[in-house]
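Everything below concerns the one structure shown next.
Just so it is clear, none of the values below were taken in a lab; they were calculated from the coordinates. Predicted model only: the values in this text are computed from it and were never measured. Quick reminder, even Gly has a Cβ in these numbers, built from the backbone with ideal geometry, and neighbours come from all protein chains shown.
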Amino acid sequence: MLTVVLADAELEMVPGRLAGHPAVRASARRRGRAPTTQLLDSSLHHTALQGFEDGERRGRPDIVHIALLTVLDSVANQEGGVRVLVHTRNDDLITVKPETRLPRNFGRFCGLMEGLFAKGAVPEDVRLLTLEHGRTLASALEGLEGEVVAFDLGGEAVELPGWLASRRDLVAVIGAFPHGPFRSPVGSLCARVVSLHEKPLMAWTAASELLVAYRLVHRPPAAPFAGPAPAVPP
């Protein structure tokens with residue numbers, strides 16, 4: 001089992017302290033919503049985030065969107081054996097069922113996340129995505145199956161295929177923020193910290209490299225493709 005944990009994700013609703021900012025009020029007015037019922041989005045609220053605590057890295061739901069699409073659409077997930085969790089900067093934990101088909105459109109994805117924060121589960125009847133508050137990364141990692149490994153630029157350099165050969169059960173902690181270090185203490189929470197490349201990688205790039213390598217290493221060997229069947233003579 002491969003568990004992908006998108007950790008310290010910059011996914012949150014607009015904080016109350018920003019509710020009165022003109023940029024926040026303008027985006028809310030366009031959508032006919034109250035300011036704090038919309039996702040914080042740096043592309044819309046960048047002026048509000050200037051000078052705000054950690055404002056240079058907050059409001060990035062796009063990172064979660066692309067990373068989730070990468071994991072859920074992967075061949076490894078389609079074949080089973082992959083699960084994904086999202087842990088946010090505010091210690092909210094989102095569990096995403098493997099069969100979930102997320103909206104490709106970013107606006108619709110934001111609407112889905114806003115509904116999730118408001119209701120705790122979406123869709124409410126089948127609960128493909130569920131939200132729990134007050135779940136630190138340490139809490140989120142409890143009980144997960146496999147070695148817990150964080151992926152970070154400052155970690156030990158590894159070559160994935162050989163490194164994965166002895167790790168069928170793995171919990172991969174990948175940062176879902178634009179830059180900077182993890183906010184959570186991954187050094188003490190994880191068995192080890194590894195690096196995939198000499199340059200920083202976005203969450204979806206790290207996830208895609210891991211998913212492809214994991215499938216190649218652990219997928220049962222398939223019969224070689226022999227080409228199309230010969231035509232049946234008339």
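Odds and ends about this structure:
- Matching residues, the range 16-40, being closer than 26 Å to Glu132 by Cβ, out of contact with any Lys or Arg (no Cβ under 9 Å at 6 or more places or on another chain), part of a loop (DSSP other than H, G, I, E, B) and not hydrophobic (A, V, I, L, M, F, W, C): Arg33
- Considering residues of the range 40-67 that are crowded, with 21+ Cβ neighbours inside 10 Å and out of contact with any Ser or Thr (no Cβ under 8 Å at 6 or more places or on another chain) only, the residue nearest to Val217 (Cα to Cα): Ala67
- Candidates Asp125, Asp152 - the one that is in a strand (DSSP E or B) and either out of contact with any strand residue (DSSP E or B) (no Cβ under 9 Å at 6 or more places or on another chain) or buried (at least 20 other Cβ atoms within 10 Å of the Cβ) (or both): Asp152
- Here is the figure for the range 155-180: residues that are touching a strand residue (DSSP E or B) at 6+ places or on another chain (Cβ under 8 Å) and surrounded by fewer than 19 Cβ atoms within 10 Å (Cβ to Cβ) total 7.
- Selection within the range 87-122 - in a strand (DSSP E or B), closer than 17 Å to Val5 by Cα and in contact with a helix residue (DSSP H, G or I) (Cβ under 6 Å, 6 or more places away or on another chain): His87, Leu93
- Thr88 falls short of the stated requirement of being among the hydroxyl-bearing types (Ser, Thr, Tyr) and surrounded by fewer than 19 Cβ atoms within 10 Å (Cβ to Cβ).
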